[in-house]
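What follows is a short report on a single structure.
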Amino acid sequence: MSHSGSALRNIATGRGGLIFAFLAIFFWSTVATAFKLSLGFIGFLPLVFYSALVSMLVLGGVCLMRGKFAQLNAWQSSDYLRSIGMGLLNPTLYYLILFRAYELLPAQEAQVLNFTWPIVLTLLGAAFLGQRLSLASMLAILVSFFGVVVIATRGDVFSMQFSNDTGVALALASTLIWASYWLVNQTERRDPLLRLFVNFVAGVGWMAMLMTLTGQWQLPGLEAIAGAVYIGLFEMSLAFFCWFQALRLSANVSLLNNMIFLTPFGSLLVIYLVLKEPVYSSTLIGLLLIITSIVLQKLVTKKYIADRMRRAGENRH
């Protein structure tokens, strides 16, 4: 009975992980549309501020219910300084740059260009961590770059005339910010949910200063409030909470990492249905090229780790 009970619990846990993963992917698939709709009612800086404020309150509530605030007693001044810096990256700079890109570009282009961040992460790892770029990695980067050009030129790759130069540059800059944040986060030793909450507290403080300096304090209308609440709930907080839960409950993390590739396709579908944007063939071709490059990079990384483990085993013997 004990073995069967344990097996049933494992099955239930695995299913729970998949449910949380699908919820996170569903939320992330809708937010590009939410960004574009909300920006029609409010400027990008106030939208980021109010969305981050909502997210901070939600994350704080979750941390309170799960009894995580007691862990702050073990935090040192360096932990808070770290969050001040991380809060400047995310949510402040990342979402400010990304939302401005959404103002300038069709939602489908901004969304897919932003999806290139894993390739940017590879370049940052090579530049700052001394990670070796193999021939396959460089090929993956070239494939991703070509996918970006296809999207940015809407298929007219030989003209090199971008649909919106500033928008494309900002969408790609957002990947640099997010990859940097992810890279810094790899050395994180504190609880991820609590750290995310403190980062958002810092981020709200950064944006409050920006709102004051630029004189953009305004009482948003109902549509803008609805958009900020949706983005704060489903993009900035609950999606990450669901993803953390999925990683915690799942026994197959690689499956979850592969499921992420459903997000841009789901997002394009929602953009088409809700925003009525015709999905350009160049967007689909560029997306497939980018996903191909990310998969190739994942295979290279997996082989590199396996080779290092094998060599370490040989050295022990």
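Quick look at the numbers
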{"item": "Matching residues in segment 122-155 - criterion: being closer than 20 Å to A169 by Cα and of a type in the set (F, W, Y)", "result": "F145, F146"}
{"item": "All positions within segment 180-194 that are in contact with a helix residue (DSSP H, G or I) (Cβ under 7 Å, 6 or more places away or on another chain) and under 22 Å from C242 (Cβ atoms)", "result": "Y181, W182, E188, R190, D191, P192, L193, L194"}
{"item": "Search result, residues across segment 121-137 that are surrounded by 13 or more Cβ atoms within 10 Å (Cβ to Cβ), of a type in the set (A, V, I, L, M, F, W, C) and not in a loop (DSSP other than H, G, I, E, B)", "result": "L121, L123, L124, A126, A136"}
{"item": "Which listed residue is of a type outside the set (S, T, Y), part of a helix (DSSP H, G or I) and in the same structural domain as I294 (by TED's automatic domain parsing), from V149, V201, V157, V168", "result": "V149"}
{"item": "Residue check, L296 at pLDDT 90 or above, within 14 Å of S144 (Cβ to Cβ), surrounded by 17 or more Cβ atoms within 10 Å (Cβ to Cβ) and not charged (D, E, K, R)", "result": "no"}
{"item": "Residue in segment 112-121 that is touching an Asp or Glu at 6+ places or on another chain (Cβ under 8 Å) and under 28 Å from G232 (Cα atoms) present", "result": "no"}
{"item": "Condition met for S55 (out of contact with any strand residue (DSSP E or B) (no Cβ under 7 Å at 6 or more places or on another chain), under 26 Å from L210 (Cα atoms) and not assigned by TED's automatic domain parsing to the domain that holds F265)", "result": "yes"}
{"item": "Filter result for the condition that a residue is at pLDDT below 90, charged (D, E, K, R) and not assigned by TED's automatic domain parsing to the domain that holds F69, over R189, R248", "result": "R248"}
{"item": "Some residue of segment 217-237 being acidic (D, E), touching a residue at least 24 places away in the same chain (Cβ under 8 Å) and more than 16 Å from S55 (Cβ to Cβ)", "result": "yes"}
{"item": "Residue within segment 151-161 that is under 15 Å from the mean Cα position of the chain (by Cα) and without any contact (Cβ under 8 Å) to a residue 12 or more places away in the chain present", "result": "no"}
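The values are calculated or read from the model by the stated rules, or taken from the named source; none is laboratory data. Note that this is a predicted model, so its numbers are computed, not measured. Don't worry about glycine lacking a Cβ; one is built from the backbone with ideal geometry, like all the others, and counts go over all protein chains shown.
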